[in-house]
Amino acid sequence: MKKLWGGRFKEKTQKTVESFTSSLSFDIRLWKYDIEGSIAHVKMLGKRKIVPMKDVESILRGLEEIGEEIQAGKFKFREDLEDVHMNLEHALIKKLGPVGGKLHTARSRNDQVALDLRLYLRDEISSILKLIKGFQKALVSTAEKHVDTVMPGYTHLQKAQPVLLAHHLLAYFEMLARDGERFEDCLKRVNVMPLGSAALAGTTLPIDRKYAARLLKFPRISENSMDAVSDRDFAIEFISASSVLMMHLSRLSEEIIIWNTDQFAFIELPDAFTTGSSIMPQKKNPDVLELTRGKAGRVFGNLTAMLTMMKGLPLAYNRDMQEDKEPVFDTVDTVKACLQILTELMPRVRFNKEAMAKAAEGGFLTATDLAEYLVKKGMPFREAHEVTGEVVAYCIDNQKTLSDLNLNELKMFSELIGEDAAGYLTVRASVDGRNSYGGTSKKTVLARIKQIKSEKWEVRSGK
Ligand code: ARG
């Protein structure tokens, strides 16, 4: 079979070279976008009279038929045709004869593949944005149910101060909001049309790039043909935004894994989301969360792969860049799968309020509250810290909690301590007292939930 680029070749391509260079097995995913791009391109060629209108119409019909054949599973993709672009063009020529060969006028696979990848990512980013919002909604509705659930907040994985479970969950809501912003911002740079850059230098033919961009709903076209065919930073940005998102999902997974241990027993996971052990009958493992944590690693790996692949490439297109697609596709699949499964899981996690409350009682979590009480009575904070430390040491020696202490005991440490101190030393009082903006009190958390619910939730599509 003669290659579409075969003119100057005397020898047939080695079979092993064909399979080594073929990208069809993965770029087949781009077929819909390749057709969409070709449709806009040929309409533009017609408008500019570069290709006669009757040929444009045949090509459009041909492309439509090819699309239907692929959809119906009837299209025969051939690996020896290198990639999805060659497969579709070859099929068109087979259908229409030499007229089919007019489609590739003023175009190169270099601008074609850059276009396809951008069209693909534009759609996928908008699906990911929807999934992020969906997961955020699940977090907010779980948080709403737990505005009275008190738990220990941790630093260094040591109990630190009591917080509301709602506050803890909403911390992830905020992370996801920033993740969404990162994807939206990345979308602006994905949404630039490279078509019309041709191989690297533009074309002598009188094309109209802005017209093609309007058809493809691109708000911007690229300014430099060499940049347009050789840049993949839009894809790197996408994987970078995905990496930060996966890092967040991984941290949340890790927390749920810890909460699910017998030692913590803060939650119970539904049977439907856990798996058993093939040897230990008692086990119920949080595999979904472990896999999410593990999959973060593969997305970070994709980012490293892309940066490394690009860093040494001279302008403009180099075949190395064919290696861009698998990391992008794998990232899209991984991010979507993790968001989907966590969104399904979240409403089914059963929180053990009693265990959380009990954990918040021990460990002198209200010590800072006593120090702040003394500050309110006029003591400098450093001194208050010292005094409170002595109170804690006394409690440890006498096996008491802070709220067990009576007024006489407290007064041994400072004359400033009065009757009202007791009201500050319970876990609940500690939480409710933290009503600084962004703090954990029920009042501030409820205010944040109200604000979140009043925000707009629609997702940008980029089109
Ligand atoms: N399959 C190639 C890729 O994915 C398409 C571009 C090929 N361009 C070329 N000049 N060989 O990057």
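The values are calculated or read from the model by the stated rules, or taken from the named source; none is laboratory data. Worth saying up front: this structure is predicted, and the values here are computed from it rather than measured. So basically every Cβ, Gly included, is an ideal-geometry build from the backbone, and we count neighbours across all protein chains shown. When the accessible area is computed, the model is the full protein with side chains, heavy atoms only, and any ligands, DNA or RNA have been set aside. Shrake-Rupley method; radii C 1.70, N 1.55, O 1.52, S 1.80 Å.
Here are the numbers:
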quantity	calculated
Reachable aspartates and glutamates from K463, criterion Cα separation under 16 angstrom, eight or more residues apart if same chain	E36, D116, D123, E124, E184, D185
20 Å Cα-Cα reach of K283 towards aspartates and glutamates, excluding residues that sit fewer than 8 places from it in its own chain	E254, E255, D262, E268, D271
Relative contact order, percent, region 314-463 [alpha-carbon distance under 8 Å, six or more residues apart]	16
Percent carbon-and-sulfur accessible area, the chain, ignoring ligands, DNA and RNA, probe 1.4 Å	53
The chain, dipole about Cα centre (Lys/Arg Cβ +1, Asp/Glu Cβ -1), debye to the nearest 20	2320
Note, ³J(HN,Hα) from phi for region 241-247, Karplus 6.51, -1.76, 1.60, rounded to Hz, x at Gly and Pro	4, 5, 5, 5, 4, 5, 4
Percentage of interatomic Cα-Cα distances in the chain larger than 33 Å	53
In region 1-102, the GluC sites (Glu not before Pro) that fall in loop regions by DSSP, at most 10 other Cβ within 10 Å	E11
Between helix 109-145 and the chain: long-axis angle, C-alpha atoms, 0 to 90°, nearest 10	20
Calculated SAXS-style log₁₀ I(q)/I(0) at q = 0.21, 0.26 Å⁻¹ - region 369-447, Debye, Cα scatterers	-0.96, -1.25
Probe 1.4 Å, protein heavy atoms only - accessible area per residue of region 134-177 in square angstrom	37
Cut-off 11 Å between beta-carbons: net charge of the residues surrounding K3, Lys and Arg +1, Asp and Glu -1	0
Pairs beyond 21 Å (Cα-Cα), from K336/K450; K12/K74; K130/K284; K295/K325; K2/K54; K49/K210	K336/K450; K12/K74; K130/K284; K2/K54
Rounded accessible area per residue of region 312-410, 1.4 Å, Å²	50
Accessible area of F26 in the full protein assembly, 1.4 Å probe (Å², nearest 10)	30
